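Quick notes on the structure that follows.
Computed from the coordinates by the stated procedures, all read-outs in this text should not be read as laboratory data. Not measured: the values here are computed from a predicted model. Quick reminder, even Gly has a Cβ in these numbers, built from the backbone with ideal geometry, and neighbours come from all protein chains shown.
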Amino acid sequence: MAIPSGSGTEVLKRASINNMTNSWTPVITGVANHIYTVISVIFCEQGNATESPSMRVDVSAAGSNQIQILEATPLAPYSTFVFSDRIVLTGTDKLEVKNEGSTSSIDVWVSYIDQDWT
């Protein structure tokens with residue numbers, strides 16, 4: 001993606017997953033000429049089980065280059081984990097999450113800025 005030189009928009013957005021599964025699921029799927037700045041990702045266990053959420057960024061359009069951001073982080077029953085480090089996604093990058101545990105009792109909430117340079 002080239003450095004933007006024209007006008008564009010910058011919008012605060014959110015994405016969510018109710019009852020995250022143990023399969024990789026995209027939370028943000030990038031689009032060409034966009035820059036996404038992830039502000040925070042909140043994982044909330046709401047099923048009285050010990051869980052282990054993971055998060056990665058797929059930086060290739062073909063799905064062949066995943067960068068692990070969070071790996072099987074312990075999440076106690078009825079607790080919340082907030083990942084507040086900033087992550088920048090460009091173009092067709094994808095932010096994906098999954099539960100390394102066996103249940104689907106984690107809700108996920110993502111706050112991010114979408115800069116559109118199309």
### Task
Among the strands (runs of 3 or more DSSP E) lying completely within the range 78-118, list those that include at least 2 residues that are touching a residue at least 12 places away in the same chain (Cβ under 8 Å) and touching a Lys or Arg at 6+ places or on another chain (Cβ under 6 Å).
106-116
#### Entry: Considering residues of the range 96-118 that are in contact with a Phe, Trp or Tyr (Cβ under 8 Å, 6 or more places away or on another chain) and under 20 Å from T21 (Cα atoms) only, the residue surrounded by the most Cβ atoms within 10 Å (Cβ to Cβ)
I106
### Query
Do you know which residues across the range 67-95 are among the aliphatic types (A, V, I, L, M) and crowded, with 16+ Cβ neighbours inside 10 Å?
I69, L70, L75, I87, L89, L95
### Query
Out of S64, S16, S60, S23, which single residue is hydroxyl-bearing (S, T, Y), assigned to a strand (DSSP E or B) and out of contact with any Gly (no Cβ under 7 Å at 6 or more places or on another chain)?
S16
